[in-house]
1. Please give the length that would be gained between T90 and S318 if that part of the chain were fully extended, namely 0.36 nm times their separation in residues minus their C-alpha to C-alpha distance (nm, one decimal).
2. Taking R0 as 35 Å, what FRET efficiency do you get between A268 and S161 from their Cβ-Cβ distance, rounded to the nearest 0.05?
3. Evaluate the Debye formula for the chain with equal point scatterers sitting on the alpha carbons, no solvent, and hand back log10 of I(q)/I(0) at q = 0.06 Å⁻¹, in q order, two decimals.
4. Please give the Cα centre distance for the range 429-446 versus the range 374-395, rounded to the nearest Å.
5. I'd like to compare 39-51, 59-71: which one has the highest average count of other Cβ atoms within 10 Å, and what's the full order after that?
6. Arranged from highest to lowest average of other beta-carbon atoms within 10 Å per residue, in what order do the peptides 283-292, 196-205 appear?
7. In whole percent, how big is the carbon plus sulfur part of the accessible area of the range 30-141, probe 1.4 Å, protein atoms only?
8. When the helices in the chain are scored as -39500 (n - 2.57) per DSSP H run of 4 or longer and the sum is shared across all residues, what 222 nm value do you end up with, to the nearest 500 deg cm²/dmol?
Amino acid sequence: MYIGKVSALLICLALAGGAQAQTGWKAGAAKVDITPAGPIWMAGYAKRDKTSEGIRKNIHVVALALQDETGRTSVLMTFDLVKIGRDWGTAITDRCQKEFGLSRDHVVLNSSHSHSGPVTGYAAPYYLPLTPADVEVERRYTRELVDKSVEAVGQAIRNLSPATLEFGQGLAAIAVNRRRVRLRSLPGPVDQDVPVLCVRGPNGELKVVVVGYACHATALGDYQISADWPGYAKEEIEKAHPGAIALFVQGCGADANPLPRYQGTDPAMLHYSVELAQMYGKILAAAVEMELHEKMTPLVGPLRTAYETVDVPLRPASREELQSALAGSDRLQSAAAKQLLAQMDKDGKLPDQYPYPVEVWQFGKGLKFIALSGEVVVDYALRLKAQYGWDTTWVAGYSNDVFGYIPSVRVLREGGYEGGDANKDLGGPFGPAVEEIIVEKVGDMMK
Ligand SMILES: [Zn+2]
């Protein structure tokens, strides 16, 4: 109903003529604070052994609503959080359908993968020792997160006004392939592209900047809540352009870290963590600034959207393997095995595939935005950009449902953390078909 009214208004604007009306776009953005009110366990690192001690910087959900000339609205939401939980992500998209008429393919959720945000969900993450009281805090936070996210979408839609969209692709050297830290002989591919989507108002004023980068948000590792370096990047962009709202979209940075980084406890070294997080934020903001000063490509509609899931194969562990992991000395293996054995008792077996969401948005011929789920390694971004165009393709990871690592065939062969060790709670590593299945699915959806 609401969308219908907006599209009627759009037709009026189109009839009124003028340069902006001709592009047909309307855009609106909103930023809502999601900083936890009190101490809460923090997500990302298994080494943490207590709840948060304070707030370094507030964290946010940011929503960008885009309406093309057909009058259909799509919303990109970005979160200063380690992941998008399937449970609460679905709660948000269900409410977006009910309250704003947005079908699933018109909403993308992306998490920055900040390791300095709170845990989210309705159960304890297997890698942290939450008490039942801690889980209650997590649940309350998650319910509020869902409410605030829907509120952000509502505000963004109410803020829709005539706009132009432009896209450009810069470069910045923050990401280092982190697998080389453990295995020096490995190749170290990285995706250092800085995709930038900017939204301008009728007089050319900058209203929204969406910036992407593919690298873990892990410069920080203490007990202070923040959005890590992507948060500093957004802050720098907003400082340089008062009134504009910045969004950060995490790419296929599963095997990349910002390096150097300091995660030890030597008091003489600790200052490096915050300084480096700020510096990486400044570097990304500088790359954005340079892109904004270039001639960016205007984007025309329509915005075509698709959302589908595809089953990717898992190789589940046997009961014997899980029992030996449970009894073993590795705390994380044991905790994951406990959870999986309970699941096995309940369901009779462990799943041998995962329903993997893929979402594609095409902005006319100017930009293909591919949102992949999970922690996706760099090979997917490089392969898809080579296939669909380096200057016109944006591959996001950490979108819609972030449940574990998505290795490529190369990374599976090499083994190591991203090759399967990290997916302890999934019941087994992915099968080698994972890469072809996902790439093929994207191909189908591009058509
Ligand atoms: Zn990660």
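The values are calculated or read from the model by the stated rules, or taken from the named source; none is laboratory data. These numbers were taken from a predicted model, which means no experiment stands behind them. Note: ideal-geometry Cβ built from the backbone for every residue, glycine included; neighbour counts use all protein chains shown. Each accessible area value is taken on the protein alone, full model and side chains, heavy atoms only, with ligands, DNA and RNA left out. Shrake-Rupley method; radii C 1.70, N 1.55, O 1.52, S 1.80 Å.
1. Result: 79.0 nm gained on full extension.
2. 0.10
3. Log10 of I(q)/I(0), two decimals: -0.24.
4. The range 429-446 and the range 374-395 have Cα centres separated by 13 Å.
5. Per-residue Cβ counts within 10 Å, averaged per peptide and sorted highest first, yield 59-71, 39-51.
6. Working: 283-292: 20.7, 196-205: 17.4.
In decreasing order of mean packing, 283-292, 196-205 become 283-292, 196-205.
7. 52 percent
8. The helix-only estimate for the chain comes to -11000 deg cm²/dmol at 222 nm.
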